[in-house]
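Colleague: One structure coming up, written as structure tokens, with questions to follow.
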Amino acid sequence: MTLRDAAAYLKCHYRTLFKLVRSGKVPAFRVGAGWRCSRLDIDLWIAQQSASLAEETPSKPERRGRRKK
């Protein structure tokens, strides 16, 4: 799919996706002067981003006892 198609699929602006692709953060490849993305690669990238966020987010400490007034 083109970057415009991928941006619509990700519900983000084309320029945002273009910057992410140029920086190597989103998987894409060049075809002539344009960029293309594989839907499967985009779905895998989303899953990896979700997994890395889950690992980075510290869990909330358990609250024990009563709060002091």
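Colleague: Contact order normalised by length for the stretch 3-54, with contacts defined as Cα pairs under 8 Å and 6 or more residues apart; what percent is it?
Modeller: The normalised contact order for the stretch 3-54 reaches 26 percent.
Colleague: Please compute the modelled spin-label separation between ARG30 and ARG66, points set 7 Å along Cα→Cβ, answer in nm with one decimal.
Modeller: My value for the distance between the label points is 6.9 nm.
Colleague: Same structure again: Can you tell me how the stretch 3-54 classifies by the Cα gyration tensor, rounded, prolate or oblate, using a/c under 1.5 as the rounded cut?
Modeller: In terms of gyration-tensor shape, prolate.
Colleague: Please report LEU53, LEU10, LEU17 as a ranked list, fewest other C-beta atoms within 10 angstrom at the top and most at the bottom.
Modeller: The most exposed by this proxy come first: LEU53, LEU10, LEU17.
Colleague: Moving to a separate point now. By how many nm would the segment from ALA8 to ARG22 grow when fully extended, if each residue of separation counts as 0.36 nm and the alpha-carbon distance is taken off?
Modeller: This chain segment gains 3.3 nm when fully extended.
Only the coordinates and a few stated rules stand behind these numbers; no lab work does. The shown structure was predicted, so the numbers you read here are calculated from the model rather than taken from an experiment. Backbone-built Cβ (ideal geometry, glycine too); neighbour counts: all protein chains shown.
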